[in-house]
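Take a look at the structure below.
Every read-out reported here was derived from the displayed coordinates using simple, explicitly stated rules and does not represent laboratory data. Only a predicted model underlies this, so the values are computations on that prediction, with no experimental measurement involved. Neighbour counts are summed over all protein chains in view; Cβ atoms, including those assigned to glycine, are modelled from backbone coordinates with ideal geometry.
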Amino acid sequence: MGNAPCKTIKSVARKNDHVADIALIGLAVMGQNLILNMNDHGWTVCAYNRTTEKVDKFLNNEAKGTKVVGAHSLQEMVAKLKKPRKVMMLVKAGAAVDSFIQQLVPLLEKGDIIIDGGNSEYQDTQRRCQELATKGLLYVGSGVSGGEEGARYGPSLMPGGHSEAWQHIQPIFQSICARSNDEPCCDWVGEDGSGHYVKMVHNGIEYGDMQLICEAYHLMKTALGMTPDEMSEVFAEWNKGELDSFLIEITANILKFKDEDGEPLVEKIRDAAGQKGTGKWTAISGLDYGTPTTLIAESVFARCLSALKDERMKASKVLEAPAHTKFTGDKEEFIENIRKALYASKIVSYAQGFMLLREAAAKFGWNLNYGGIALMWRGGCIIRSVFLGKIKDAFDQNRDLTNLLLDDFFRAAVGRCQAGWRAVVGKGVELGVPVPALAAALTFYDGYRSSVLPANLIQAQRDYFGAHTYELAASPGTFHHTNWTGTGGNVSATTYDA
Ligand code: 2AM
């Protein structure tokens, strides 16, 4: 008797109702590949796209023969979902995400989950989390990394937002993501915008890794006069050791790749770098929160400088170069020093990235699992590397580690590389090969390990011209002002009011 109403409802329900485990909106390549990946792992996915012809095209082509179902309206899509409903968006960041949220809200019930897997700015995710919480809906902003290939066969996933959503999406997310030593490269990141924040920092670090590799390439090419094939061999060799990573591996492949005429393609590519903004956002965040993410910032600026190709062409004809631009000395030793410089700088770059995560966590009250984040980046994404396994170990050993440079393993590694690192940065300066990221990393290292910096003079200058006051080293916490010139009362420089 008690079951009767239920049976009635079931009997009127259409055949396709409540069949799908998750819906995915956005059928560009990333979305399509993520759907096929979910399908491979036994999940039934309902596909939807603003331009609905793409749904049919997808079902009749890439998704033919799979369990994927389609919908031609959001109403139809929602009706096909099991509860609590899980709707994942992989659409253009910005207005498209807000537009879909607005359309979905009236169709969903309390406890249903909306996931944004696009490249949204973390502040947008924070705002959306807050807005949807008032409606009883669970919101997740998830970093998705690994490009099209990753989406298809195992991306790195970085979900954050309303933690109650995690238990519902965990089985799906952890089945489709990349794995490292059989551990999923996906875990719950933390509260509100933290998933997208962690993805943003990932991208900033990616800029740093790429720039460091480019500087190593530049030194080998210009100062050592090596051919792309020779450099390819060096990178391939490096990839067998502590630098083992996706980016080093593809660099070796790129350098040996020949165009149709048999010439190395890389040397024909215009040296003007593009960017989509996530590196810049990380650098801006570093500035906003007072964290010296110098290597990421230098990497962004290096791309900006490269993009001034026409100006550089003109300047190259008039600005003086050093007298010597070729390396003379032990070539093999110098190559090994470049490797050391790259490795030490990479450690600094990740140390800075985790410093920024720590600062943002403190600001927003996020409880971040740093070892888990290292594991999320360990496989599947662009910065995947063996090295990230070591970072995970460092945070596993000491959850409260304030800086990666202070971990025994990394402290020793940097110590081992230090002399070679200094030699390389010095040579770059001497021979006129720009090494902004290698040098930024080294100067950060020297600044961070200095118990005394010249900021006492900055404080004196600030007090001199602006009466900004200073603390005495012997009694911090108390602020003093000195009338430095003996004239004109409290502020000496009357014309300066910065
Ligand atoms: P479309 O196929 O209808 O253009 C990547 O661009 C994905 O984001 C595509 O699925 C695209 O849908 C979607 N998209 C881009 N801008 C959108 C918008 N303003 N509203 C809805 N979807 C959008």
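Key figures
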quantity	calculated
Rounded to 10°, Cα long-axis angle of helix 387-397 versus longest principal axis of the chain	80 degrees
Distance in nm between pseudo-label sites at Ala93 and Gln275 (7 Å out along the Cβ direction from Cα)	1.3 nm
Mean ellipticity per residue at 222 nm, deg cm²/dmol - from DSSP H runs of n ≥ 4 across the chain, formula -39500 (n - 2.57)	-16500 deg cm²/dmol
Antiparallel bridge percentage (DSSP; both residues within the chain; nearest 5)	40 percent
Nearest-20 debye value, segment 125-214 charge dipole, Cβ charges on Lys, Arg, Asp, Glu	280 debye
Degrees between helix 294-307 axis and first principal axis of the chain (Cα, 0 to 90, nearest 10)	90 degrees
Label-point gap, in nm, between Thr325 and Asn369 - each point 7 angstrom along Cα→Cβ	5.2 nm
Separation of the Asp393 and Arg411 label points, Cα + 7 Å toward Cβ, nm	1.6 nm
Tensor-based shape of segment 17-99 (alpha-carbon gyration tensor, a/c under 1.5 rounded, otherwise prolate or oblate)	rounded
Burial ranking of peptide ranges 259-270, 221-232 (average Cβ count within 10 Å, highest at the top)	221-232, 259-270
Residue order, fewest to most surrounding Cβ atoms within 10 angstrom, among Arg384, Arg416	Arg416, Arg384
Exposure proxy ranking, count of Cβ atoms within 10 Å, fewest first, for Ile25, Ile254	Ile254, Ile25
Cβ-based exposure ranking for Leu406, Leu27, in which fewest neighbours within 10 Å come first	Leu406, Leu27
Sites Glu53 and Met313 - FRET efficiency at Förster radius 51 Å, r taken between beta-carbons, to 0.05	0.65
Gyration tensor (alpha-carbon) shape descriptor, segment 63-178, a/c threshold 1.5	rounded
Mean Cβ count within 10 Å, highest first, over the residues of peptides 123-135, 75-87	75-87, 123-135
Segment Gln461-Asn60, extension gain: residue separation times 0.36 nm, minus the distance between their alpha carbons	137.3 nm
Helix 166-176 vs. the chain, principal-axis angle (Cα, 0 to 90°, nearest 10)	80 degrees
Anisotropy class of segment 338-464 from Cα gyration tensor, a/c 1.5 cut	oblate
